[in-house]
Amino acid sequence: MSSSEHGIAHVHRDDIGSRLGMWLFLFTELILFGGMFIVYAIYRFTHQQEFHLAAKELNTLFGTLNTIILLTSSLTMALSITALQKNQKGLSIFLQLTTIVFALAFMVNKFFEWSAKFHHGLFPGSDVLMEKSNGEILFFGLYYIMTGLHGLHVIIGVVLIGTMTYFTSKNRITSDNYVRLEAAGLYWHLVDIIWIFLFPLFYLIT
Amino acid sequence: MFPNSTYAESVDFAFWFIVGISFALLVVISFLMVFFVIKYNRKKQVKAVNIHGNLPLEIIWTLIPVLLTLAMFYFGWMGYQDLSNPPEDSMVVKSTGQMWKWTYEYDNGLKSDTLYVPVNKPVKIDLVSVDVNHSFYIPALRIKRDVIPNRENFLWFKAENTGSFDIACAEYCGLQHSYMYSKVVIMPENEFNSWFTDATNKMNTTLTDTTSIK
Amino acid sequence: MTSHSSSNNGYESYLDYRGKGTGLKSWIFSTDHKRIGILYLIAMLIFFVVGVTFGFLMRLELIAPGKTIMDPQTYNSFFTLHGIIMIFLFIIPGLPAVFGNFFLPIMLGAKDVSFPRLNLLSWWLFIIGGLLAIIAVFLPGGPVDTGWTFYIPYSVRTSTNVFPALLAAFVLGFSSILTGLNFVTTIHRLRAPGMDWFKMPLFVWSIYSTAWIQVLATPIIGITLLLVIFERAFGFGIFDPALGGDPVLFQHLFWIYSHPAVYIMIIPAMGVISEIIPVFAHRTIFGYKFIAFSSIAIALFGSMVWAHHMFTVGMSGAAMFIFSLLTFLVAIPSAVKVFNWVATLYKGSISTDPPLLYALAFIFLFSIGGFTGLIQGSLSVNMHIHDTSFIVAHFHYVMFGGTGFGIFAALHYWFPKMFARKYNMKSAKVGFWILFVGFNVLYFPMFVMGWLGMPRRYYDYLPEYQIYHFISTVGSWILITGLIIMFANFIHALLKGEKTNEMNPWGGETLEWHVPTPPPLENFDEIPIIETDPYQYKDNDLSNTEVKEVN
Amino acid sequence: MENHSHSEKHTPHYGIYIIVWLALLILTGVTVAVAGIDFGGLTVATALLIASIKSYLVLTIFMHLKSESKVFSIFVGVALLFLLISFVLLFADYSFM
């Protein structure tokens, strides 16, 4: 038990503890989305036909492309940690930056997708939407909130990974102290998992 | 406040059944606490004894409450079964809740702000809300059901005695929530029938009047 | 509180520590778990006073039918704010954030929690949430009037300040999550060497199960309130029936969190009682494992009974059956706890100091709360008493008689350790009895009028209920007298009370009684090695070896 | 209880990640391909099954659950159990209306 510096509350390194804490935080994110999946499940159950109809408006191609982008970014994120563990700092930074580029590509794609919907007058409260059936209004409400919140998480992920890249370049994350990079990675994979479920539920139920 | 239906009697039975058991247990727990505090008071300078536990005792005081609560559950569930199955021949009245009044509509379109029903005849109330949540509550009959937009709720009762009883709104619905009272008037069947015919005739005349003016 | 200069016995106490800045700054930016606990305590008690004031004024309004001192709109805002403040800003943080923060690391033999900076962030989020709740009162539009339950569709229709109130609850939720996350990790990672799971004090067990509920259930209310915010702000169709939504689904999601939240409030109080009773009976706890596991059982079953708040919304028969049955079964672990506590008094050497009085009152009042909970769990009876003042009485017996008295018990128990001051025992006992009597006079009549059909959240009432309302209002005056005596006693002790460095005034055996008073900055110079169970009382065994029973 | 060795990790490899990535892409292809076929009530179940397999791969390999100590998996189990309870009990209401 190393005694801590006087006056500074308790410097104590516990990587397992840090990861445990990160996982607990991920559960709250998971259940946050879980709550929305519950709403989705109930409304899909009570408005089956209308959900089918509404899902036809979504572009499967956009969705599939974004799935591939996000899965690949998860790969580069995982690889960047391995690279750091193998003490390949340059490669790790490159892989982290690649992850960020993929994340941004995801958002650009998302932007075009949403723009197209708005162009067709399909946004919350719009006249076009209000004329549709209740089930379709609910579907689009959920679509915007769930993909929107997911997009917000992607943006947070970009900032988070960007910070880690900065830390790596400044040697504050190193091959024997990389728990923060791991935590960022865990977060990023969770964002991926949520998309893995969003994709079929919104784009593939036509 | 006497119970005014067989359902209300079953509610009262379940209530007093649970209250009785609970009261007995509460007395035992409280008595033991006070008794131990007096008997084993530190002022008596008696050395305490460490008792770490007793498995048979733990099993007993887990099992007995389980059995008691299952019995409590049973009476509540049976009573509720009764409430959720209205007889086929029930008279149907549509009750509309809105901020902050009740309107009752009979199957011939007759509307009233007081609920008139015959005694000893099953009455099914269909509950409709036009704005926010309300709850239709007749304390004398021990029944209550929320009135929720987009949802088809109902309840039914068969009153055993005539009289006039309060209907309250039990789900908070804004400024005048506590004034959203109305009455249920339970009358002998012949009286009810004559009221119903009178009111229907009156309604028809007013209707013809308004159409003739047009 | 900052004017402390207790004698230095060769160490730096957490009260004297000057690290980052001085004065206020050294407190509000401190990552020391004990200081954060005190910060929570101050904030929480301020909110408690505000909440009590709202309650007092409501009771005064209800002393007679018709208008007494306020109009209906004000009354509706008052019961909403009373609920929001008492639940989100007083009882939920009450025990875990105050006493959990202060004592959990010490009881585990740790120097701090796992994530001290996150801990400070939790407190700041708590304060931000509190400020938002205050903003919700003063913005134009008027104080929020939806009830603390924010039921749809009223909460998307009303023009009052629902938005900041929802945001407040959302932010407070995050504060609660971060505290829970911190505690789960701390208990897993920072137990002193030798402290295996069954050598942990029972308060730690209770905080552990509470922390899990905080982590898992709170996000549900977070997202639910967020959906309502979106719905109000942008016209999304989610729950609003005008757009095809289902208001009952909102209630389901609301209670998926808010029922387990009840256990966030009560389980730590049970933990406090499990600490106090063996200490003041001066003997080992009866049925340690049963008490420990019943906390977990309550947490588990407690997350399966939420819809018993919704028996009148018209659920399916299957759902009614399941939720009612589980509601009855969730009472069992609580009953087991009560029986074990009472059995712990048997053959003890009982000293009736104020903490024990509060603990015994807890058992009595919580039992009444629990038994009346059974009455409500019964389906047919629930149809009659749902949303009447019977419910109001029931949850005040659980929340105030249970958790509130648990908090007061904890305050009286740990006060000397936290502040190194003695309070006046006699005043504490007088305050207790007045509080206890006032409590029952205030809330018991509500059972009666609820059974007679008096609905809750009523600004006005029929004349036949007046006698009960009158008694209840008189009770509120007695109760407040008791509260004033109690707080005056504490404040007097803080300012002028006798200083004490006595390490172990009550004869407790858990670790917090083996660190100096007040506790040093990092609790332990050397992390202790744990070899024995938390409640040994070995001195009992010397002359009584023959009677000792082993589990 | 304290475990201060922070270099207890398994020896890292790139290969396994690339294999998992390929599997994820293939599963994505499968789920898009079968979405067009009408299995009746099983359509959603199929989509969810494939999504679950994908998540399992991400959880165990990318997120290292497989190489972490057991307590991590128990934690994930507890969180999923909570969600499962919520789903099942909610549908106890909605599917028997």
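The values are calculated or read from the model by the stated rules, or taken from the named source; none is laboratory data. Nothing here was measured: the structure is a model prediction, and the numbers come from that model. Please note: Cβ atoms are built from the backbone with ideal geometry, for glycine as well, and neighbour counts cover all protein chains shown. Keep in mind that these areas ignore ligands, DNA and RNA; they rest on the heavy atoms of the full protein, side chains included. Shrake-Rupley method; radii C 1.70, N 1.55, O 1.52, S 1.80 Å.
Tabulated values for the structure
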| quantity | calculated |
| --- | --- |
| Reachable aspartates and glutamates, given that their alpha-carbon falls under 15 Å from the alpha-carbon of B:Lys44 and they are not under 8 places away in the same chain | none |
| Calculated [θ] (222 nm, deg cm²/dmol) that DSSP helices of n ≥ 4 give over chain B, each run adding -39,500 (n - 2.57) | -15000 deg cm²/dmol |
| Segment A:19-63 pair-distance distribution - Cα-Cα, 5 Å bins, rounded % | 6, 18, 14, 15, 18, 12, 9, 6, 2 |
| At least 27 Å along the helix axis (C-alpha) and Kyte average at least -1.0, DSSP helices within chain D | D:15-35, D:70-94 |
| Against the rule of thumb 2.2 N^0.38 Å, how large the Cα Rg of segment B:74-154 comes out | 1.12 |
| Whole-number accessible area per residue in Å² for segment B:91-213, which is evaluated in the context of all protein chains at 1.4 Å | 42 |
| Using alpha-carbon coordinates, inclination of helix C:72-84 to the longest axis of chain C, degrees | 30 |
| Segment C:420-492 - accessible surface per residue (Å², probe 1.4 Å) | 40 |
| Computed E for B:Asp82/A:Thr174 - FRET, C-beta separation, R0 60 angstrom, nearest 0.05 | 0.25 |
| With at most 15 neighbouring Cβ atoms within 10 Å, loop chymotrypsin sites (Phe, Trp or Tyr not before Pro) (DSSP) excluded, longest segment of chain C | C:30-551 |
| Estimated FRET transfer efficiency when R0 is 60 angstrom, pair A:His119-C:Lys25 (beta carbons, to 0.05) | 0.65 |
| Charge dipole magnitude, Cβ of K and R +1, D and E -1 - the protein assembly as shown, Cα centre, debye nearest 20 | 2260 |
| Helix axis angle, B:55-83 relative to chain B longest principal axis, alpha carbon, degrees | 10 |
| Heavy atoms of B:Lys47: accessible area, 1.4 Å probe, square angstrom to 10 | 100 |
| Simple spin-label estimate for C:Ala242 and C:Ile134 in nanometres, 7 Å along Cα-Cβ | 3.4 |
| Rounded if a/c under 1.5, otherwise prolate or oblate - the protein assembly as shown, Cα gyration tensor axes | oblate |
| Crossing angle, helix B:189-213 versus chain B [Cα axis fit, 0-90 degrees, rounded to tens] | 50 |
| Of the DSSP H helices in chain A, those whose Cα atoms cover at least 15 Å axially and whose Kyte score averages 0.0 or more | A:15-46, A:60-85, A:89-119, A:134-169, A:179-203 |
| Net lengthening on full extension, C:Lys422/C:Ile229 (0.36 nm per residue, minus Cα-Cα) | 64.7 nm |
| Chain D: calculated mean residue ellipticity at 222 nm from DSSP helix runs of at least 4, using -39500 (n - 2.57) | -22000 deg cm²/dmol |
| Candidates per trypsin sites (Lys or Arg not before Pro) in segment A:112-189, loop by DSSP, up to 15 other Cβ within 10 Å | A:Lys170, A:Arg172 |
| Within straight-line cross-link reach of A:Lys86, lysines at Cα separation under 29 Å, skipping those fewer than 8 residues along the same chain | A:Lys170, D:Lys9, D:Lys54, D:Lys66, D:Lys70 |
| Convex hull projection area averaged over all views, chain A, Cα basis, nm² | 13.8 |
| Candidates B:Phe136, B:Phe192, B:Phe73: whichever shows maximal mean-square fluctuation once chain B is modelled as a Gaussian network with Cα springs under 10 Å | B:Phe73 |
| Number of partner chain Cβ atoms within 10 Å, mean per residue of B:55-63 | 4 |
| Accessible area buried, both sides summed, chains C and B with 1.4 Å probe, Å² | 7900 |
| Three-way shape call for segment D:13-66 based on the alpha-carbon gyration tensor, with the a/c threshold at 1.5 | oblate |
| Accessible-area order (highest first, 1.4 angstrom probe) of the listed residues C:His514, C:His469 | C:His514, C:His469 |
| Using a Förster distance of 25 Å, the FRET efficiency for B:Asn120-D:Met97 (Cβ separation, nearest 0.05) | 0.20 |
| Inter-probe distance in nm under a simple model that places probes 7 Å from Cα toward Cβ, at C:Thr481 and C:Val430 | 1.1 |
| Under DSSP loop assignment and at most 12 Cβ neighbours within 10 Å, longest GluC sites (Glu not before Pro)-free interval of chain A | A:6-130 |
| Approximate spin-label separation D:Val71-B:Lys43, in nm, with each point projected 7 Å along Cα-to-Cβ | 4.8 |
| For B:Met91, distant residues with modelled amide H under 5 Å away | B:Val123, B:Lys124 |
| Charge dipole (the protein assembly as shown, unit charges on Cβ, about Cα centre) - positive-most of B:Ser129, A:Gly21, C:Leu216 | A:Gly21 |
| Gyration tensor verdict on chain C (Cα atoms; rounded if a/c is under 1.5, prolate if a/b is larger than b/c, oblate otherwise) | prolate |
| Loop-exposed GluC sites (Glu not before Pro) per DSSP, neighbour cap 14 Cβ within 10 angstrom, longest uninterrupted part of chain C | C:1-497 |
| Cα Rg, Dmax (largest Cα-Cα span) when computed across segment C:363-426, Å | 16.6, 53 |
| Semi-axis lengths, Å, chain D, gyration tensor of Cα atoms, sqrt of 5 times eigenvalues | 33, 24, 5 |
| Percent of Cα-Cα distances greater than 29 Å, calculated over chain B | 47 |
